[in-house]
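The block underneath contains the structure these notes are about, expressed in structure tokens.
The values are calculated or read from the model by the stated rules, or taken from the named source; none is laboratory data. Remember, predicted model here, so these are calculated numbers, not experimental data. Glycine also receives a Cβ, built like all others from the backbone with ideal geometry; neighbour counts cover every protein chain displayed. Accessible surface areas use protein heavy atoms only, side chains included; no ligands, DNA or RNA. Shrake-Rupley method; radii C 1.70, N 1.55, O 1.52, S 1.80 Å.
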Amino acid sequence: MTAARNLGAEGASSSSAPIEQRMRELRALIADYGYAYYVLDQPVVGDSRYDALFRELQRLESEHPELASAESPTQRVGAPVAAGFAEVRHAVPMLSLANAFSEADLVAFDRRVRESLLAAGLQQAQLSYSAELKYDGLAVSLRYEDGRLVRGSTRGDGATGEDVTANLRTIKAVPLQLRGLSPAVLEVRGEVLMYRSDFARLNERQKSAGEKIFVNPRNAAAGSLRQLDPAITAQRALRFFSYGVGEVRGAELPLSHGALLEWLREAGFPVGSERSQVTGPQQMSEFFERISALRERLDYEIDGVVYKVDRRDWHESIGFVARAPRYAIAHKFAAEEAVTELLDIEVQVGRTGVLTPVARLRPVFVGGTTVSNATLHNEDEVRRKDLRIGDSVVVRRAGDVIPEVVRALPREPAAAAAEGAVEPQQFSMPRVCPACGSPVIREEGEVAWRCVSGLFCPAQRKQALLHFAQRRAMDIEGLGERLVDALVDSGMVNSAADLYRLEAGQLAGLERMGDKSAANLVAAIARSRRTTLARLLFALGIRHVGEEVALVLARAYRDLDALADEDWEMVELHKQEVLRENARRRNRGEALAPIPLEGVGPEIIASVARFFADPHNRAVIADLRAAGVVCEGLAQPDSSALAGRTFVVTGTLATMSRTEAHERLRALGATVAGSVSKKTDYLVAGEEPGSKLAKARELGVAVLDEDEFMKLTAGD
């Protein structure tokens, strides 16, 4: 594959060719120029020429919207501001890597690999490793179907990540369409990061605008990729490097990992140039030393190197341990340490109510920056390390990013006995929230203490308001993170009920908020006054109460007062009685009794009880009612023909959002699943349904178009 299809073709006159042909030419040229710049690192035109072609394509697409294409480079930013990120379950888990810190660790790794090969009857003489950089960014997965980018997600916990497709589409180094191939499925794994030079320019802009300064490129990249508004992500100069694949169908991949990286580069993905082939621990160490010397000259941050067995067909035989593969290892750079004094331990309340002890340190320079604060994670960690206020402590920048208190130095008995010496003080976690005075709890099996007053607590206010306004909760369109920050910081909104008292005139005075936007937001807030009990329960942010639990509670109670005044201890006792009775009936072969609040366990019941027992939360609900918020109960689904049926909704529906379709089904007692399986009864297919439609047909699942779905759920 060549670097560009025909870079001289841009001189062709658009007047001599049909408009559609010219648009195809422009898209191809812009894609080629982007490939040359971001993948090959060999720019072939200047910025002015690139911008002129881009503007011409924008003009033609604006004049002829019927000829627009989702793969056009002009469509990298086009999605609306998101209400949150949906979960994505990775078809192939995104595993983490075991770490090596010394040559002895490399020798042990090489020995384990050889032992695995010997056990599998494979030739150790052919063993070599692909050595490459370990980027200090965010791992993501890009899913392509038939050659087109259909989804991008974060690594998350390795099994499940967040859907950040709209934001990843804004990264120019991420191809919207593969070059020269179109496999049924290709998942490309890689790292999103920010160059140091781009990071410096971003912080300069942030400083000039009076906005927050980012600590380091990794934090800036993370914050940029998780923006709810893709237009903000597009302004942040993010980069992408690919380093592997996940699920693949319909493509024959190279046998070696090194060749796979070249294959990915040909397909349109940037691949790191600093890589090598090594044959054992000595050459691994030599590569590591070379990269260590080069590290500071790179325009991006790395925290080590990675070695992978080059023969990809051997990976399965070598196997896995826990959440890491045995065929790969990360050789990490040593963290820097320094000694300083622990001046105090303060408690911060996070945006989800978690109380975190934070070490206030005498400022010390370590790992390239001055450190004065470090998280202590939780109360158990403070106890385990026996940290006391006044101790001399060792501080490390773990992974060159997060300051960590490693340990306290031994206390000198003579110094403690000296006249005027102050004995180091033990730390105790407060039993009320430092931000609002509400009780804090520590649930069984958890290490964190947590404030129970989400909507009332000022430390949680912004996050609580964003959750309250999201589409699946009160559905207040246009109330995003930036606006919530402005409303809270200006003092205009201190609680959810304050939203319903806002006037267009107040809002129009905020930065970037004109008269029309202000009027639209006020109208959206007004529409949300009438909602369902299930939506309101979810919006209140009760711990452990997600959408499904909110629906169960709404069906059982239908009235907020009855739910708030319930004797939850008696509910739990009654539920346990029914479960015991059902066990007896099951042994006798008798019909089972209905289980009250089925799917709602003791932990959730206790959380709901705590929420409604808190007077602050009661006051918030009363304030919402005073502001005109009313909720309606759900129709009883028991008589519905769809009760107990499993549906999957895919593609774009014309008359409603996918969330609204889910709510419609759940209100009729149906179950909504995220993927098609043998247990699926119906697949509802909108426009561009993707791979789920093929899966449904393969399994013989009934497929409904939108009209059929509307008739079915209307009872026709």
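Quick check on this structure: which one of 463, 506 is outside any loop (DSSP other than H, G, I, E, B) and either surrounded by 21 or more Cβ atoms within 10 Å (Cβ to Cβ) or modelled with pLDDT under 85 (or both)? Spell out the reasoning first.
Values: 506 fails: either surrounded by 21 or more Cβ atoms within 10 Å (Cβ to Cβ) or modelled with pLDDT under 85 (or both).
Sole residue among the options that is outside any loop (DSSP other than H, G, I, E, B) and either surrounded by 21 or more Cβ atoms within 10 Å (Cβ to Cβ) or modelled with pLDDT under 85 (or both): 463.
List every residue pair whose Cβ atoms sit under 6 Å apart, with the two residues 6 or more apart in sequence or on different chains, where the first one lies in the range 309-323 and is free of Cβ contacts under 8 Å to residues at least 24 places away in the same chain and the second, anywhere, is open to solvent by less than 70 Å² (accessible area, probe 1.4 Å) and assigned to a loop (DSSP other than H, G, I, E, B).
315/327
Go through the range 606-631 and give me each residue that's open to solvent by 80 Å² or more (accessible area, probe 1.4 Å) and out of contact with any Phe, Trp or Tyr (no Cβ under 8 Å at 6 or more places or on another chain). It would help to see each step written out before you state the result.
Step one: filter the range 606-631 for residues open to solvent by 80 Å² or more (accessible area, probe 1.4 Å), giving 615, 618, 625-626.
Result: 615, 625, 626.
Can you pull out the residues in the range 535-565 that are within 36 Å of the chain's Cα centre (by Cα), free of Cβ contacts under 8 Å to residues at least 60 places away in the same chain and assigned to a loop (DSSP other than H, G, I, E, B)?
Matches in the range 535-565: 546 only.
Can you find a residue in the range 478-489 that is more than 24 Å from the chain's Cα centre (by Cα), of a type in the set (Gly, Ala, Ser), modelled with pLDDT of 85 or more and more than 21 Å from residue 377 (Cα to Cα)?
First, pick out the residues of the range 478-489 that are more than 24 Å from the chain's Cα centre (by Cα): 487-489.
Okay, now just the ones that are also of a type in the set (Gly, Ala, Ser), so none.
Within the range 478-489 (the criterion being more than 24 Å from the chain's Cα centre (by Cα), of a type in the set (Gly, Ala, Ser), modelled with pLDDT of 85 or more and more than 21 Å from residue 377 (Cα to Cα)), the answer is no, since none of the residues qualifies.
So which residues in the range 389-424 are open to solvent by 90 Å² or more (accessible area, probe 1.4 Å), part of a strand (DSSP E or B) and modelled with pLDDT of 85 or more?
Hit for the range 389-424 is 407, nothing else.
Under 6 Å between Cβ atoms, at least 6 apart or on separate chains: pull out the pairs that start in the range 514-534 with a residue that is in contact (Cβ under 8 Å) with a residue 24 or more places away in the chain and end on any residue that is in a helix (DSSP H, G or I) and of a type in the set (Gly, Ala, Ser).
Partner pairs satisfying both residue conditions: 533/554; 534/550; 534/554.
Taking residue 492 as the residue in question, decide whether it is free of Cβ contacts under 8 Å to residues at least 40 places away in the same chain and part of a loop (DSSP other than H, G, I, E, B).
Numbers: free of Cβ contacts under 8 Å to residues at least 40 places away in the same chain: yes; part of a loop (DSSP other than H, G, I, E, B): yes.
Answer is yes for this residue.
Suppose we filter the range 287-326 for residues that are surrounded by 13 or more Cβ atoms within 10 Å (Cβ to Cβ) and outside any loop (DSSP other than H, G, I, E, B); how many remain?
The total comes to 23.
State which residue pairs qualify: first residue under 7 Å from residue 375 (Cα atoms) and at pLDDT 90 or above and inside the range 349-360, second residue assigned to a strand (DSSP E or B) and open to solvent by 30 Å² or more (accessible area, probe 1.4 Å) in any location, beta carbons under 6 Å apart, and separation of 6 or more residues or different chains.
These pairs meet every condition: 357/347; 358/346; 358/348; 358/373; 358/375.
Looking at the range 89-115 only, could you name the residues that are basic (Lys, Arg) and open to solvent by less than 70 Å² (accessible area, probe 1.4 Å)?
114, the sole residue that qualifies.
Within the set of pairs 6 or more residues apart or between chains, which connect a residue that is over 30 Å from residue 143 (Cβ atoms) inside the range 268-291 to a residue that is open to solvent by 20 Å² or more (accessible area, probe 1.4 Å) with Cβ atoms less than 7 Å apart?
If the second residue must be open to solvent by 20 Å² or more (accessible area, probe 1.4 Å), the pairs left are 278/128; 279/128; 281/103; 281/107; 285/103; 287/276; 291/274.
Would you pick out the residues in the range 263-286 that are in a helix (DSSP H, G or I) and under 18 Å from residue 189 (Cβ atoms)? Steps first, please.
Taking the range 263-286 and keeping what is in a helix (DSSP H, G or I), we get 263-266, 281-286.
Passing the criteria: 263, 264, 265, 266.
Read through the list (1) part of a helix (DSSP H, G or I); (2) surrounded by 15 or more Cβ atoms within 10 Å (Cβ to Cβ); (3) modelled with pLDDT of 60 or more, then give the number of the only condition that residue 10 fails.
(3)
Select from the range 584-605 the residues that are open to solvent by less than 40 Å² (accessible area, probe 1.4 Å) and without any contact (Cβ under 8 Å) to a residue 60 or more places away in the chain and list them in ascending order. Break it down into steps so the answer makes sense when it comes.
We begin by selecting, within the range 584-605, every residue open to solvent by less than 40 Å² (accessible area, probe 1.4 Å); these are 593, 596-597, 600-601, 604-605.
593, 596, 597, 600, 601, 605, listed by residue number.
Could you check how many residues of the range 573-615 are in a helix (DSSP H, G or I) and under 24 Å from residue 454 (Cα atoms)?
Going residue by residue through the range 573-615, those that are in a helix (DSSP H, G or I) are 573-588, 602-613, 615.
Cutting the leftovers down to under 24 Å from residue 454 (Cα atoms) gives us 602-613, 615.
Total meeting the criteria: 13.
Quick check on my filter: what residues within the range 567-583 are in contact (Cβ under 8 Å) with a residue 40 or more places away in the chain and either in contact with a strand residue (DSSP E or B) (Cβ under 7 Å, 6 or more places away or on another chain) or acidic (Asp, Glu) (or both)? Lay out the reasoning, then the answer.
Of the range 567-583, the ones in contact (Cβ under 8 Å) with a residue 40 or more places away in the chain are 568-569.
Within the range 567-583, just 569 meets the criteria.
Which count do you get for residues in the range 478-503 that are of a type in the set (Ser, Thr, Tyr) and open to solvent by less than 30 Å² (accessible area, probe 1.4 Å)?
Within the range 478-503, the subset of a type in the set (Ser, Thr, Tyr) is 490, 495, 500.
This time we only want the ones that are open to solvent by less than 30 Å² (accessible area, probe 1.4 Å), so: 495, 500.
Of the residues in that region, 2 qualify.
Return the pair list, or none, for Cβ contacts closer than 6 Å from residues in the range 443-461 that are over 13 Å from residue 542 (Cβ atoms) and of a type in the set (Ser, Thr, Tyr) to residues that are open to solvent by 50 Å² or more (accessible area, probe 1.4 Å) and at pLDDT below 85, at least 6 apart or on different chains.
From residues that are over 13 Å from residue 542 (Cβ atoms) and of a type in the set (Ser, Thr, Tyr), there are no pairs.
Can you name the residue in the range 253-296 that is touching a strand residue (DSSP E or B) at 6+ places or on another chain (Cβ under 7 Å) and among the small types (Gly, Ala, Ser) and, of all such residues, is nearest to residue 32 (Cα to Cα)?
By that ranking, first place goes to 272.
Which numbered condition in (1) closer than 23 Å to residue 614 by Cα; (2) surrounded by 15 or more Cβ atoms within 10 Å (Cβ to Cβ); (3) not hydrophobic (A, V, I, L, M, F, W, C) is the only one that residue 555 fails?
Here residue 555 clears every test but (1).
Give the residue that is nearest to residue 377 (Cα to Cα), with candidates limited to residues of the range 466-477 that are within 21 Å of the chain's Cα centre (by Cα) and open to solvent by less than 40 Å² (accessible area, probe 1.4 Å).
Here the answer is 466.
All but one of (1) open to solvent by less than 20 Å² (accessible area, probe 1.4 Å); (2) part of a strand (DSSP E or B); (3) closer than 17 Å to residue 430 by Cα; (4) out of contact with any helix residue (DSSP H, G or I) (no Cβ under 7 Å at 6 or more places or on another chain) hold for residue 344; which doesn't?
Result: residue 344 fails condition (1) only.
Name, by its number, the condition in (1) within 19 Å of residue 470 (Cβ to Cβ); (2) surrounded by 20 or more Cβ atoms within 10 Å (Cβ to Cβ); (3) of a type outside the set (Asp, Glu); (4) touching a Cys at 6+ places or on another chain (Cβ under 8 Å) that does not hold for residue 531.
So the condition that residue 531 fails would be (2).
Looking at the range 650-697 only, could you name the residues that are part of a loop (DSSP other than H, G, I, E, B) and open to solvent by less than 30 Å² (accessible area, probe 1.4 Å)? Before the answer, list the steps.
Step one: of the range 650-697, the residues part of a loop (DSSP other than H, G, I, E, B) are 651, 653-657, 668-670, 673-681, 686, 688-690.
Answer for the range 650-697, where residues must be part of a loop (DSSP other than H, G, I, E, B) and open to solvent by less than 30 Å² (accessible area, probe 1.4 Å): 651, 653, 656, 669, 670, 676, 680, 686.
So the check is Cβ under 8 Å with 6+ separation or different chains; which pairs have a first residue in the range 116-127 that's open to solvent by 60 Å² or more (accessible area, probe 1.4 Å) and a second one that's part of a helix (DSSP H, G or I) and modelled with pLDDT under 90?
Here the result reads 118/124, each pair linking the range 116-127 to a residue that is part of a helix (DSSP H, G or I) and modelled with pLDDT under 90.
Suppose we filter the range 431-460 for residues that are under 23 Å from residue 475 (Cβ atoms), in a loop (DSSP other than H, G, I, E, B) and open to solvent by less than 50 Å² (accessible area, probe 1.4 Å); how many remain? Break it down stepwise before answering.
Step one: filter the range 431-460 for residues under 23 Å from residue 475 (Cβ atoms), giving 454-456, 460.
Checking which are in a loop (DSSP other than H, G, I, E, B) leaves us with 454-456.
Right, trim to open to solvent by less than 50 Å² (accessible area, probe 1.4 Å) and you get 454-455.
Qualifying residue count, the range 431-460: 2.
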